[in-house]
1. What's the magnitude of the charge dipole for region 54-121 around its Cα centre, counting Lys and Arg as +1 and Asp and Glu as -1 at the beta-carbon? Answer in Debye, nearest 20.
2. Would you please give the residues with an amide H less than 5 Å from that of A120, counting only those at least 5 places away or on a separate chain, with H modeled from the backbone geometry?
3. Karplus couplings for region 88-102 from phi (6.51 cos²θ - 1.76 cosθ + 1.60, θ = phi - 60°), rounded to Hz, Gly and Pro as x?
4. Please say if region 85-209 is rounded, prolate or oblate, where rounded means a/c under 1.5 for a ≥ b ≥ c the square roots of the C-alpha gyration tensor eigenvalues, and otherwise the choice is prolate for a/b larger than b/c and oblate otherwise?
5. What accessible area, in Å² to the nearest ten, does a 1.4 Å probe give for L149?
6. Taking amide H atoms as placed 1.01 Å from N in the peptide plane, list the residues 5 or more away in sequence, or in a different chain, whose amide H sits under 5 Å from that of E170.
7. From the square roots a ≥ b ≥ c of the eigenvalues of the alpha-carbon gyration tensor of region 128-192, which class results: rounded (a/c under 1.5), prolate (a/b over b/c), or oblate?
8. Which ³J(HN,Hα) values, rounded to whole Hz and listed in residue order, are derived for region 107-119 from phi using the Karplus coefficients 6.51, -1.76 and 1.60 in 6.51 cos²θ - 1.76 cosθ + 1.60 with θ = phi - 60°, glycine and proline given as x?
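The values are calculated or read from the model by the stated rules, or taken from the named source; none is laboratory data. Given the structure is predicted, the values throughout are model-derived calculations rather than measurements. Heads up, the Cβs are rebuilt from the backbone with ideal geometry, glycines too, and the neighbour counts pull from every protein chain shown. Side chains are part of the model used for accessible areas, which takes the heavy atoms of the whole protein and leaves out ligands, DNA and RNA. Shrake-Rupley method; radii C 1.70, N 1.55, O 1.52, S 1.80 Å.
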Amino acid sequence: MADQTADSSQPRLFAFSMGDRDAASHVVSSATQAAADLVQSWRRWPRGAAVLTGPSGSGRTHLARVWAQAAQAEAWDGREPPHEAFRRLSGRVLIDDADLGADEEALVRFFDLAGERGGAVLVVALETWRPRLPDLASRIAAAPRARLLEPDPALLEVVLRRYCRDRFLELSDEAVAYLLTRMERSFAGAKQVADHLDQRLRKGARGPIKLGAVRRLVSDMETPFEDDSAAAGDKDAPP
């Protein structure tokens, strides 16, 4: 696990890895600290279950995989009966996208099995998830829970660069600084910017995307950026 003596106000990395989108690439910042603390303390979850939520694109699945690596857990496929899956997985179960039509009675059973048999079950869902089954709602309310927040500036830079790398795009430092002060400060905003750059740039372009190119490429985005008139006198320097 990461060094607990590190300054929690600074982005830091988990110290173990697990392949693509691995734990070593999961940045912990003020926006993700509570969620990271929750998954790292999984051995101390009351009654063996916890809930992780967050907005779309916030990295819920990424962090859940970090936990699965640490706890040697596997994801429930939604078809296997809860008691069989719980036994086969030695009580270490990841239930991702619980808000996407998961069997709520089965989820109740997983919560109960974790409490009765000393397992570890992590339930992951969008923050807007509202279970219809009262028994499930009560178990969620009683379980430890953490929410991934929209990114702070340090995390937003990491997310923006990562979205761009996924599209084989590289941004210059000046271009990143320009975008960070003007774009919507959310995971969705970072993805929108990366998608727009990917659509507008000619395929096969090499080298970092410069500030001037970014200014031109974002000028026609549907979501307007903040007023950049203060920077009009210096076309090359980031604001």
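1. Here the size comes out at about 340 debye.
2. Long-range HN contacts for A120: R92, V93.
3. Each residue's phi maps through the Karplus curve to give 5, 8, 6, x, 9, 10, 9, 10, 8, 6, 4, 7, 9, x, 5 Hz.
4. Judged from the Cα gyration tensor, region 85-209 comes out prolate (a/c at least 1.5, a/b above b/c).
5. So the heavy atoms of L149 present about 70 Å² to solvent.
6. Here I209 satisfy the definition.
7. Note, shape of region 128-192 comes out prolate.
8. Along region 107-119, the couplings run 5, 4, 5, 5, 4, 5, 4, 4, x, 6, 10, x, x Hz.
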